[in-house]
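Worksheet: the structure to be examined is printed underneath.
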Amino acid sequence: MTNVFISIILILLAIVVFVGSFKVHIDHRLFVRLGSLIPLFVGIISLGIGCIYTQDIGEVIITRNWDGALINSTDSPGLHFKSPLETTISYDTRNMLINFYTDKDYSYDGGSATGPQVTINDKSGAKADIDIQVVYSLNPSSAMKLYADYGTQTNYTASYLSNDVRSVAREISGQFDTITMLTDRAKYTDAVEASLAEKWEANGLHVEQVSVQEVRYPEAITDKYAQAQAAEIARSQAINERETAKVEAETKKINAQAEADANDIINRSLSDNLIQQHYIDALIDIGKNGNLVVVPEGSQPIVGSGKITSE
């Protein structure tokens with residue numbers, strides 16, 4: 001808007017100088033009129049520059065009239081034209097980052113923000129500090145409403161988005177106990193992302209990703225958790241050892257029973273006649289190789305290694 005006023009002043013100055021040239025001596029009149037062309041050309045060029053603007057990819061431009069009324073918005077990159085009485089406001093629609101971690105100071109740049117860690121209280125009543133990162137993007141069609149409600153994108157980020165991230169992170173932490181926060185913070189992360197997505201949808205914001213990078217409890221709590229975890233490991237080992245011993249005992253019992261059953265079957269199947277037949281078959285088999293087998297009555301058989309020959 002300042003350029004417009006300067007351009008108008010220069011053009012008016014050129015007109016005044018040109019009209020005043022009629023009052024000077026005729027010998028100097030041409031020189032004065034030529035001089036009036038300088039502010040005229042500068043004013044016209046400045047006014048023309050105020051009628052065009054360029055737009056980058058990933059940017060939405062809002063045009064506002066001289067009286068503050070919003071006129072239009074566009075997200076088409078390239079060269080655009082407007083009235084010289086209109087001003088432009090830029091909103092970034094690329095992926096932007098809100099990052100709260102450790103002891104960083106607050107800083108804002110357009111739609112991005114950086115700040116210190118978020119302190120939460122979980123369902124168990126324990127306090128912890130978390131590092132959280134939120135990646136989001138802006139729907140171009142929402143830019144005019146956001147500007148009407150909050151002004152610049154930096155102001156919107158500082159007064160609304162960053163506060164939302166901190167408040168939602170604290171609110172959702174009350175749904176999870178200490179053990180879950182320490183061992184399965186993915187559940188907590190998913191819950192924060194779902195809550196932010198639902199809350200920001202009305203303002204045309206899309207949550208791309210939420211990442212809870214670290215959960216820091218006081219040392220006294222982490223020590224107790226480590227002790228409980230060690231006790232649980234020892235208990236699990238004892239249960240496993242007991243189950244293993246039980247299985248081994250059952251296996252031995254089953255094997256012993258199987259062996260006893262097999263022996264019982266064999267004993268019941270061996271009659272005196274069958275035993276006698278096996279005995280005779282064995283002697284015959286030995287004699288097949290020419291061995292001399294002598295069976296004295298009422299004695300054990302005698303096997304000779306020499307073959308029977310005739311003289």
Quick calc: nm separation of the 7 Å Cα→Cβ label points for Glu201 and Ala260 -> 6.9 nm
Among the lysines, select those whose C-alpha is under 29 Å from the C-alpha of Lys127, and discard any that sit fewer than 8 residues away in the same chain. Lys104, Lys187, Lys199, Lys224
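What order, most packed first, do the peptides 249-260, 29-40, 72-83 have when packing is the mean number of other Cβ atoms within 10 Å of each residue? It would help to have the intermediate numbers written out before the result.
On the way: 249-260: 10.0, 29-40: 14.6, 72-83: 13.1.
Packing order, densest peptide first, comes out as 29-40, 72-83, 249-260.
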Can you tell me the FRET efficiency between Lys253 and Asp223 if r is taken as the Cβ-Cβ distance and R0 is 51 Å, rounded to the nearest 0.05? 0.65
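Please work out how much length the chain gains when fully extended from Thr54 to Thr114, using 0.36 nm per residue of separation minus the C-alpha to C-alpha distance, in nm with one decimal. Walk me through the numbers on the way to the answer.
On the way: separation 60, 0.36 × 60 = 21.60 nm, distance 2.91 nm.
Result for the pair: 18.7 nm of gain on full extension.
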On each of the three principal axes of the Cα atoms of the stretch 58-97, give max minus min coordinate, whole Å, ordered largest first. 33, 21, 11
Pull out the extension gain between Gln209 and Tyr160, defined as 0.36 nm times the separation in residues minus the alpha carbon to alpha carbon distance; nm, one decimal. 15.8 nm
Could you give me the radius of gyration and the Dmax of the stretch 93-217, taking only the C-alpha atoms into account and expressing both in angstrom? 14.5, 45
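Rule-based calculations on the coordinates, nothing more; no lab input. Every value quoted in this text rests on a predicted model; they were computed, and no experiment measured them. When we count neighbours, we look across all protein chains shown, and the Cβ atoms used for this are built from the backbone with ideal geometry, even at glycine.
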